[in-house]
1. Report whether or not His250 is touching a Lys or Arg at 6+ places or on another chain (Cβ under 6 Å) and over 30 Å from Trp136 (Cβ atoms).
2. Report yes if Arg193 is of a type in the set (Lys, Arg), closer than 25 Å to Trp88 by Cα and either in contact with a His (Cβ under 9 Å, 6 or more places away or on another chain) or modelled with pLDDT of 90 or more (or both), otherwise no.
3. Does region 305-322 hold any residues that are of a type in the set (A, V, I, L, M) and crowded, with 19+ Cβ neighbours inside 10 Å, and which are they?
4. Report the residue count in region 310-334 for those that are within 17 Å of Val249 (Cα to Cα) and either modelled with pLDDT under 90 or part of a loop (DSSP other than H, G, I, E, B) (or both).
5. What residue, among those in region 131-148 that are surrounded by fewer than 18 Cβ atoms within 10 Å (Cβ to Cβ) and in contact with a Gly (Cβ under 9 Å, 6 or more places away or on another chain), is nearest to Asp87 (Cα to Cα)?
6. Residues being crowded, with 21+ Cβ neighbours inside 10 Å and assigned to a loop (DSSP other than H, G, I, E, B): count how many of those fall in region 253-276.
7. May I ask you to list the residues in region 232-256 that are among the hydrophobic types (A, V, I, L, M, F, W, C) and closer than 19 Å to Met322 by Cβ?
8. Here is a check on your reading of the model: is Thr280 surrounded by fewer than 20 Cβ atoms within 10 Å (Cβ to Cβ), touching a strand residue (DSSP E or B) at 6+ places or on another chain (Cβ under 8 Å) and of a type in the set (S, T, N, Q)?
Amino acid sequence: MSSAASNAGRAAVSAGHAALLALALKILVALAPVLTVLLVIAAIFGPPPNDAPTTQLRYGASAFALRDIPARYLELYQAAEADYGIDWAILAGIGKVETDHGRLKAPGVTSGQNAHGCCAGPMQFHNDYGRGGGTWGAYGVDGDDDGRKDIYDPADAIASAGNYLRALGGAEDIRKALFGYNHAWWYVDKVERWADRYRGNLKTAGLDAPPDTGRLAWPVDGELVSPFGPRWGGMHEGIDIAVSAGTPVHAPADGTVTYAGWMTGYGNFVCLRHTARLTTCSAHLSRYRVKVGDRVARRDVIAASGCTGRCFGDHLHFEVHMAASWSKTSATNPLPYLAEVASGAKLQRGRHALHGFRNMV
């Protein structure tokens, strides 16, 4: 190839590179406004929800639980919760109802079969009348890794109960799972009553727990303008926190989104299940950041505040429910569950600052 031809080729390549660079610059200039908006949105709302929670919210043991449950059994109930995702207090409730945590002096607790001949052990598993089948044969596990499954060993029996309840869908609907464990609604109610007595303060199971461990994080930072309780002849089932429209709403704890949609009165509504007996909900939202089934971590942004539904001013309506999902009968006062509970003075300042502010729901 001649020198002239070679120079011409190099010139053509250089011209092509210059043209591509010019085109890339034009594209960047055209996209600059869009990129700026995206960066602003990212700065406000943060990263998308995590695929898996970083910590697990659970209940500590009440003073009554510490008195009533043998230390070894309490340790096993809590270990089973960590392994199978079933509230330890529910497992303890079963242990109480069935055999008083192994202390019941009756056939089938530490040996043999119970009075019906069907079941055995501290958690009273059906073992096909002593033949080793039944639910024990299907769901029994070696809880202490000693190489054998012993229906009378509380380490195996309690872990097996957690395994069985998980298989029955206890992480989503503990009452339905309990009914599957023993087909009687009186039994379900009795176990839950004992579980309620055994639960203490909320705790975070993660090693790197936030400073307000044991409490839910506030979903937004604002003045409390309306408390939980009777109001205008009805029941106000949450608290109202005054914030401007578009304020990011944060998850108060790790959990799973169980509802994200419109609800009459509440407007745009998002609920998170944190445990089998604890759900939080946020209402009057202007937009969502999550969808049903998403798993979120504590303080992830889940929505933005607003005034959708029945309301007369931008704010966040926040509820806590003692259940695996929202219902009209399970709401409880959120303040005991929140970190750094607002003082009465702060509540009064909020009312004065928003004189005339009226909200419904």
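1. For His250, the condition - touching a Lys or Arg at 6+ places or on another chain (Cβ under 6 Å) and over 30 Å from Trp136 (Cβ atoms) - is met.
2. Here the answer is yes, as Arg193 does meet what is asked.
3. Those that are of a type in the set (A, V, I, L, M) and crowded, with 19+ Cβ neighbours inside 10 Å: Leu316, Val320.
4. 3
5. Among them, the one singled out is Gly132.
6. 4
7. Met235, Ile239, Ala251, Ala253
8. No: the conditions fail for Thr280.
The values are calculated or read from the model by the stated rules, or taken from the named source; none is laboratory data. Since this is a predicted model, take the numbers as computed values, not measurements. So basically every Cβ, Gly included, is an ideal-geometry build from the backbone, and we count neighbours across all protein chains shown.
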